[in-house]
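K.L.:
First the structure, which I've put down as structure tokens, then a few questions once you've had a look.
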Amino acid sequence: MAAPLRSYVFPLALGLCLWAAGVFAQGLSAPRAEVVIVDPNRLFAETLFGQNISQALEAEAVELSANNRRLEEELRAEEKELTEKRPSMAPVDFRDAAEAFDKKVQAIRRERQDRARALEDKRTSAEQRFLATAQGVLVELMNERGANVLLDMRAVILRDSAIDITNDAVRKIDEAIGRGEMLGKAEAAPKEE
């Protein structure tokens with residue numbers, strides 16, 4: 001009777017050991033969850049690729065601001081010159097010059113506002129292209145966690161921090177994409193409008 005009992009106990013013990021090893025191995029790897037979340041703002045701000053895009057956009061914003069200041073100085077000088085010429089001008093000539101100057105100022109203001117809006121649109125578009133480029137890494141992380149759904153953290157009210165894959169995503173995006181130089185200029189940098 002001892003031999004037949006051993007024939008049942010050994011496979012059962014082996015099965016329990018394999019099951020325990022599997023549970024232990026799962027405990028060492030990332031926790032499994034059907035739903036995981038990520039913070040897109042942190043991905044964009046903390047990855048090398050996102051920082052590269054942000055630096056390019058910031059450089060463009062600085063240039064736009066410098067151009068705005070230069071135009072303001074030019075317009076102030078032109079306004080001052082027109083004001084100084086006023087006593088020597090006929091009223092109708094001054095009125096025409098003042099109206100032309102006002103139209104010029106309004107056109108420049110509209111153009112500057114359009115450029116500022118275009119830069120903001122470019123930022124939004126760059127963030128969307130960033131996430132599209134990083135999608136493969138995010139899918140890989142979902143698969144590693146056994147997840148079927150990836151949610152934007154900004155849309156989640158309550159959460160368990162164990163389902164937040166942002167830190168892992170930052171690390172893996174940096175490993176896979178780096179600063180984005182190998183993607184080609186069209187993908188790595190914001191597109192010109």
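The values are calculated or read from the model by the stated rules, or taken from the named source; none is laboratory data. Since the model is a prediction, treat every value here as computed from it, not as a measurement. Note that each Cβ is placed from the backbone with ideal geometry, even for glycine, and that neighbours are counted across all protein chains shown.
K.L.:
Within region 91-110, is there a residue that is under 30 Å from GLY178 (Cβ atoms) and over 15 Å from the mean Cα position of the chain (by Cα)?
P.N.:
Within region 91-110, none of the residues are under 30 Å from GLY178 (Cβ atoms) and over 15 Å from the mean Cα position of the chain (by Cα).
K.L.:
For region 119-131, how many residues meet the condition of being more than 10 Å from the chain's Cα centre (by Cα) and exposed (fewer than 14 other Cβ atoms within 10 Å of the Cβ)?
P.N.:
The total comes to 2.
K.L.:
What is the residue count in region 29-74 for residues that are of a type outside the set (A, V, I, L, M, F, W, C) and under 25 Å from GLN135 (Cβ atoms)?
P.N.:
Matching residues across region 29-74 total 16.
K.L.:
Let me ask something additional. Out of all the residues in region 138-157, which are loosely packed, with under 14 Cβ neighbours inside 10 Å and in a strand (DSSP E or B)?
P.N.:
Within region 138-157, VAL149, ASP152 qualify.
K.L.:
Out of GLN106, GLN135, which single residue is in the same structural domain as VAL170 (by TED's automatic domain parsing), under 30 Å from THR166 (Cβ atoms), in a helix (DSSP H, G or I) and not β-branched (Val, Ile, Thr)?
P.N.:
Only one candidate passes the filter, namely GLN135.
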